[in-house]
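Enquirer: Before anything else, here's the structure in question.
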Ligand code: LLP
């Protein structure tokens, strides 16, 4: 069973707790509520799926960078995938083993690469200039860097164009026609670079595992080519991207096991270590974004539920037209009729919606409304637009208690950015 469930009494529960009661116990503002046991379960599902393979689960920190969540993931044995110097610093603070971390990105900065080289993290080569910078970083750090080549297999992930990355016109990675140039370049820097593997990342929200198999088959061919030139490489990194059931329709979606099983034989046939980089499929379904209903209104043919949360705290619907399931946390008033609502925030933008055309009972003012599957790319993409400060985060622990795992940002925090300036 999933951590957030509506019971017969009409209340939404997180593990054993009524979300309504959590709302009453914590600060009165929108907040993120996670289930710690669900995080554990999601990691276990990957671990079981990977049984019998040499592998690293590189959690993609960009999906959710809460320090306590990172520490928990580290305790469970995850490595980390980083896309900035600050994500690298945070991963080190959280205690991740740097030799189980991968530094990715199409615009990695020299100073961040130096830190990566010093710490011994894997670095993906993304372009010609990136290779130059990695070589320079290796010299500054006085360390040989373990590198992987990020190759675009040009497989269509069949997702929203904003989250597709492995196609030939993508800004990420290298085109396979250039493979030889990169191999020659790596050979010419034996003191700086040690090529250990190949990487690809196809995109995000992928719901067909065939796509991973197609990509792995292409990548294994590249690995054969690279090995044929005398490189002793042992890692295949197939990136992240497994989708989740955002629609809550009960449709059967591929699981981590389905994903791993589809590439298992290929990986074994070449005696490779498999690196995977899941973000969403580890953390998205562990969290709800909890809001209060400010009021209900009708304009023209549209009904609106106005809540206190907004696109500032959760931008995926506005940015990608993403669907995230919305539910009331308590039974509606007895006289409430079900209608079609847009669920909107108070931000001064017509793009400020959390859901469109949702069939919902008209909620009472002040009652709770959640946006589901808010663990990935929600808090980590939150802004302070309209000076809506970033929300606090809580989790429900194994023993059923609620703990704050991040303070909500305050107006005072904002004003601190101006301290000491001559205003
Ligand atoms: N590895 C690389 C190289 C990536 O670029 C990403 C995500 C991942 C791993 C993790 O992918 P995941 O397993 O989470 O799908 N903000 C968008 C998603 C952007 C994904 C960016 N790259 C969203 O909210 O849907």
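The values are calculated or read from the model by the stated rules, or taken from the named source; none is laboratory data. This one's a predicted model, so the numbers in the text were calculated from it and none came from an experiment. Cβ coordinates were reconstructed from backbone atoms using ideal geometry, including for glycine residues, and neighbour counts include every protein chain displayed.
Enquirer: Taking the options 355, 368, name whichever one is under 30 Å from residue 304 (Cα atoms) and without any contact (Cβ under 8 Å) to a residue 60 or more places away in the chain. Write out each step before concluding.
Expert: Numbers: 368 fails: without any contact (Cβ under 8 Å) to a residue 60 or more places away in the chain.
Matching residue, one of 355, 368: 355.
Enquirer: Kindly establish whether residue 211 is in contact with a strand residue (DSSP E or B) (Cβ under 8 Å, 6 or more places away or on another chain) and not in a loop (DSSP other than H, G, I, E, B). Steps first, answer last, please.
Expert: Numbers: in contact with a strand residue (DSSP E or B) (Cβ under 8 Å, 6 or more places away or on another chain): no; not in a loop (DSSP other than H, G, I, E, B): yes.
In short, no.
Enquirer: Moving on. Mind listing whichever residues of the stretch 221-243 are assigned to a loop (DSSP other than H, G, I, E, B) and closer than 26 Å to residue 158 by Cβ?
Expert: Across the stretch 221-243, the qualifying residues are 238, 239, 240, 241, 243.
Enquirer: Would you pick out the residues in the stretch 100-111 that are in a helix (DSSP H, G or I) and without any contact (Cβ under 8 Å) to a residue 40 or more places away in the chain?
Expert: Of everything in the stretch 100-111, those that are in a helix (DSSP H, G or I) and without any contact (Cβ under 8 Å) to a residue 40 or more places away in the chain turn out to be 110, 111.
Enquirer: Inspect the stretch 264-271 for any residue being assigned to a helix (DSSP H, G or I), free of Cβ contacts under 8 Å to residues at least 40 places away in the same chain, surrounded by fewer than 24 Cβ atoms within 10 Å (Cβ to Cβ) and within 13 Å of the ligand (Cβ to nearest atom) and give the result as yes or no.
Expert: no
Enquirer: How many residues does the stretch 147-164 contain that are surrounded by fewer than 23 Cβ atoms within 10 Å (Cβ to Cβ), in contact with a helix residue (DSSP H, G or I) (Cβ under 8 Å, 6 or more places away or on another chain) and not in a loop (DSSP other than H, G, I, E, B)?
Expert: 2
Enquirer: Just give me the residues in the stretch 244-263 being assigned to a loop (DSSP other than H, G, I, E, B) and out of contact with any helix residue (DSSP H, G or I) (no Cβ under 6 Å at 6 or more places or on another chain), in sequence order.
Expert: Those that are assigned to a loop (DSSP other than H, G, I, E, B) and out of contact with any helix residue (DSSP H, G or I) (no Cβ under 6 Å at 6 or more places or on another chain): 245, 246, 247, 248, 249, 250, 251, 252, 253, 254, 255.
Enquirer: Name the residue that is surrounded by the fewest Cβ atoms within 10 Å (Cβ to Cβ), counting only residues in the stretch 3-17 that are out of contact with any helix residue (DSSP H, G or I) (no Cβ under 7 Å at 6 or more places or on another chain) and part of a loop (DSSP other than H, G, I, E, B).
Expert: Step by step, filter the stretch 3-17, then rank; the result is 8.
Enquirer: Report yes if residue 195 is within 14 Å of the ligand (Cβ to nearest atom), within 22 Å of residue 118 (Cα to Cα) and part of a strand (DSSP E or B), otherwise no.
Expert: So residue 195 does not fit the description; no.
Enquirer: Based on this model, can you work out whether residue 318 counts as away from the ligand (no atom under 16 Å from the Cβ), in contact (Cβ under 8 Å) with a residue 12 or more places away in the chain, surrounded by fewer than 23 Cβ atoms within 10 Å (Cβ to Cβ) and not in a strand (DSSP E or B)?
Expert: no
Enquirer: Could you tell me whether the stretch 138-156 includes any residue that is free of Cβ contacts under 8 Å to residues at least 40 places away in the same chain and within 14 Å of the ligand (Cβ to nearest atom)?
Expert: No, the stretch 138-156 has no match at all.
This table checks each residue for (1) within 28 Å of residue 249 (Cα to Cα); (2) touching a helix residue (DSSP H, G or I) at 6+ places or on another chain (Cβ under 7 Å); (3) surrounded by 15 or more Cβ atoms within 10 Å (Cβ to Cβ).
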residue	(1), (2), (3)
339	yes, no, no
344	yes, no, yes
359	yes, no, no
364	yes, no, yes
374	yes, no, yes
379	yes, no, yes
389	no, yes, yes
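Enquirer: Sort through 212, 222 and tell me the only one that's surrounded by fewer than 19 Cβ atoms within 10 Å (Cβ to Cβ) and closer than 26 Å to residue 121 by Cα. Please lay out each step first, then the result.
Expert: On the way: 212 fails: surrounded by fewer than 19 Cβ atoms within 10 Å (Cβ to Cβ).
Just a single option satisfies the conditions, and that option is 222.
Enquirer: Under 8 Å between Cβ atoms, at least 6 apart or on separate chains: pull out the pairs that start in the stretch 1-28 with a residue that is on the phi > 0 side of the Ramachandran plot and end on any residue that is surrounded by 13 or more Cβ atoms within 10 Å (Cβ to Cβ) and not in a helix (DSSP H, G or I).
Expert: Pairs that qualify, where the first residue is on the phi > 0 side of the Ramachandran plot and the partner is surrounded by 13 or more Cβ atoms within 10 Å (Cβ to Cβ) and not in a helix (DSSP H, G or I), are 10/330; 10/331; 15/3; 15/35; 15/396.
Enquirer: For residues that are buried (at least 24 other Cβ atoms within 10 Å of the Cβ) and in a helix (DSSP H, G or I), tally how many sit in the stretch 121-137.
Expert: Going through the stretch 121-137 one residue at a time, the tally reaches 2.
Enquirer: From the list 260, 211, which one is more than 18 Å from the chain's Cα centre (by Cα), over 13 Å from residue 147 (Cα atoms) and at pLDDT below 95?
Expert: 211
Enquirer: So, of the residues in the stretch 67-91 that are within 15 Å of the ligand (Cβ to nearest atom) and outside any helix (DSSP H, G or I), which turns out to be farthest from residue 111 (Cα to Cα)?
Expert: Filtering first and then ranking leaves 78.
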